[in-house]
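Input: a single structure, listed below in structure tokens.
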Amino acid sequence: MKILILNAGSSSLKFGIFDMDRDDRRVFKGEFERFGPSGCTLHVRAGGEQAEDQQRPDGAANVSDAIARMPAVLSEFGFTDFQAVGHRVAHGGDRFEEAALIDDAVLEHIRACTPLAPLHNPANLEAITMARTLWPALPQVAVFDTAFHHTIPVRAHTYAVPREWRERGLRRYGFHGTSHKYVALKAAQALRSSVTDLQIISCHLGNGASVCAINRGFSVDTTMGMTALEGLVMGTRSGDVDPGIFAFLHRELGMTAEEVEHSLYTDSGLKALAGSADMRDIEMAAAGGDRTAQQAIGIYAYRVRKYIGAYMAAMGGVDAIVFTGGIGENSASMRRRICDKFEYVGLHLDDDRNEAINLSHGAAPQIQSFESRVKVIVTGANEQLMIAQEVRHLLQERAVAPAPGAWHIPVSVSARHVHLSEPALTALFGPGYDLTKMRDLSQPEAWAANETVDVVGPKGSIGNVRVLGPLRDRTQIEVSMTDTFTLGVEAPVRPSGKLDKTPVIKLRGPAGNLDTDGLIVAARHIHMSPVDAEHMGLKDGQYVNMRLDEGRGETIFANTLVRVKEGFVTEMHIDTNEANAAGISLKTDGELIQGETTKKFGFVGRRNLELAE
Ligand code: ADP
């Protein structure tokens, strides 16, 4: 399959063709650059990285013009067939959590997001409309810059402003999502690890710039906000400013809202600080002794460093920092400035590696020194490839015929409980103590013990929490979200067994107390036998949507993790909060929602996209 990718901006249209049957290779690349009344410049490169760029004047004066001329340009280079079109779309609001197959309704929703991205969405809409006219028979897919950030929790995406404003859509959405996702996957690949096991801070430093905290595969915070203005110092955009300046500028300088907005987008950032939006010019001027250029570099690096520090705090750690975008990829001195102050967290750059990187053929070199705990990776931004992979993924998923019939899965409610390690058992119940079985549980070899412990937090304690046997390698305390407020401790939602960097809590037993980590809110999941998984067409690690129709009527549990293992009895586990929300008292059945196994966005399982250049 070949996929045409279109990335329309206000003054340019970038495009590429990817051959998904040849290692996802980009076989054609082009850009209509700087639209104006008399036309633009067309750059094209047919073939791989080694091929020559060609450049010529072109008559296209805007995005629609450029797309209308595209069939001629493509056939000139022998590209007459492609099977799908992927569109980069800036803002999907809170509606689009993942890529969407474009139809009239989707188009309307994108249009409805225009007030949130007045500079970007109109160009995207123009491109989509023209491309649908030109290629009506081809599937067209919108891939949103905001979608990856849908997992940012409320505490990080909420602005503390009046409720009516928030109801109008004021919140952090974040951008560059496709790029952050791509480089996080590249970094995980470079580290021979799974992105779901890593805490990554990704720095996309181009003309637009943002930093993103990616906790085990999910975006949990990013510097851009409701619009692409917030956060870092950019080429011509201000990044963070005090919202109080609006009223000041209006009162003191008589500026209108439009004037302020325009200046913050186009006359601010590096351009305002150093007279050029181009970091190459600024670095050159700074090296020549220009004081304002030197200061601009300092301000730029400081802002990035500040956010990296903030995101270490947000995630409670970092395994890898990734640099991409024109500045992130090319400026060794900027990387150095940003990283130098992090030696106290165990980040040490290797100067030779930092200065000698080669990013050709999709390389993602590591530039930390041998003893550095935190890894630092540099890699090229490749949003178009990521978009092509999203398009393929969506089309393949649609092509899978749902297995006939409805699949019903028993649902069981897990009350709070504790799994103990051997040393924990000794500390709580005394040396030589053995747990005693009260009753078997539905999963083989799992049983409830007669023993209970108290779980004690800084705010309150929960008594008589059931211990489950047999003993495990690590102690794990599973509570509900409500319980975390009773205890006064914040606990992450995790699959069982994923316990690194979990909070410490006190357990009280008859023979003593124990402070241990391992406090989690268990992610809802389905234990599944390999045979059932095969029948239902599901894989270990996949996330599915389940419909429960009980008590309060229909409740959909999205993002339910499927865990397939020999010996498992097929059964969905939800906790008491979830059961209460759905009005379920005892056992019930849930129905697997067919063909909708990828509802929500993330990396895990279903988003396990292969990366290839
Ligand atoms: P966009 O966000 O428009 O895709 P890029 O990712 O190409 O932009 O980044 C453009 C920025 O990268 C510019 O500030 C440019 O000066 C900077 N840049 C490119 N090459 C270098 C270099 N060798 N050294 C420093 N900065 C560079």
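Suppose the filter is out of contact with any Phe, Trp or Tyr (no Cβ under 7 Å at 6 or more places or on another chain) and within 16 Å of the ligand (Cβ to nearest atom); does residue 234 pass it?
Numbers: out of contact with any Phe, Trp or Tyr (no Cβ under 7 Å at 6 or more places or on another chain): yes; within 16 Å of the ligand (Cβ to nearest atom): yes.
In short, yes.
Being in contact (Cβ under 8 Å) with a residue 40 or more places away in the chain and over 21 Å from residue 358 (Cβ atoms) is the filter; apply it to segment 312-348 and report the residue that is nearest to the ligand (Cβ to nearest atom).
337
Hand me the list of helices (runs of 4 or more DSSP H) wholly inside segment 230-279 holding 3 or more residues that are in contact with a helix residue (DSSP H, G or I) (Cβ under 9 Å, 6 or more places away or on another chain) and under 26 Å from residue 157 (Cα atoms).
So the answer is 257-266.
Would you mind finding the one in 549, 575, 515, 540 that is without any contact (Cβ under 8 Å) to a residue 24 or more places away in the chain and either closer than 20 Å to residue 498 by Cα or surrounded by fewer than 18 Cβ atoms within 10 Å (Cβ to Cβ) (or both)? Let's see the steps before the verdict.
Values: 549 fails: without any contact (Cβ under 8 Å) to a residue 24 or more places away in the chain; 575 fails: without any contact (Cβ under 8 Å) to a residue 24 or more places away in the chain; 540 fails: without any contact (Cβ under 8 Å) to a residue 24 or more places away in the chain.
Residue meeting the stated conditions: 515.
Among the residues of segment 576-606, count how many are modelled with pLDDT under 80, assigned to a loop (DSSP other than H, G, I, E, B) and not hydrophobic (A, V, I, L, M, F, W, C).
10
Name the single residue, out of those in segment 60-117 being of a type in the set (Gly, Ala, Ser) and under 24 Å from the mean Cα position of the chain (by Cα), that is modelled with the highest pLDDT. Before the answer, list the steps.
Here is the first cut: in segment 60-117, the ones of a type in the set (Gly, Ala, Ser) are 60-61, 64, 66, 68, 72, 75, 78, 84, 86, 90, 92-93, 99-100, 105, 112, 117.
Still in the running and under 24 Å from the mean Cα position of the chain (by Cα): 86, 90, 92-93, 99-100, 112, 117.
Working: 86: 97, 90: 94, 92: 94, 93: 92, 99: 92, 100: 93, 112: 94, 117: 87.
Among those residues, the one meeting the criterion is 86.
Within segment 315-341, which residues are over 23 Å from residue 235 (Cβ atoms) and touching a helix residue (DSSP H, G or I) at 6+ places or on another chain (Cβ under 7 Å)? Reasoning before the result, please.
Of the residues in segment 315-341, the ones over 23 Å from residue 235 (Cβ atoms) are 315-320, 340-341.
Within segment 315-341, 318, 320, 341 qualify.
Would segment 237-259 turn up any residue that is among the aromatic types (Phe, Trp, Tyr) and more than 16 Å from the ligand (Cβ to nearest atom)?
Just the residues of segment 237-259 that are among the aromatic types (Phe, Trp, Tyr), to begin with: 246, 248.
Subsequent filtering for residues that are more than 16 Å from the ligand (Cβ to nearest atom) retains 246, 248.
Checked against the condition, which is being among the aromatic types (Phe, Trp, Tyr) and more than 16 Å from the ligand (Cβ to nearest atom), segment 237-259 yields at least one hit.
Give the residues of segment 182-229 that are within 16 Å of the ligand (Cβ to nearest atom) and part of a strand (DSSP E or B), sorted by residue number.
Within segment 182-229, 202, 203, 204, 205, 209, 210, 211, 212, 222 qualify.
Could you run through segment 280-291 and say how many residues are outside any loop (DSSP other than H, G, I, E, B) and within 16 Å of the ligand (Cβ to nearest atom)? Before the answer, list the steps.
From segment 280-291, those outside any loop (DSSP other than H, G, I, E, B) are 280-287, 291; that's our starting set.
Filter once more, keeping what is within 16 Å of the ligand (Cβ to nearest atom): 280-287.
The number of residues fulfilling the criteria is 8.
The values are calculated or read from the model by the stated rules, or taken from the named source; none is laboratory data. No experiment lies behind these values; they were computed from the predicted model shown. Virtual Cβ from ideal backbone geometry, glycine too; neighbours counted across all protein chains shown.
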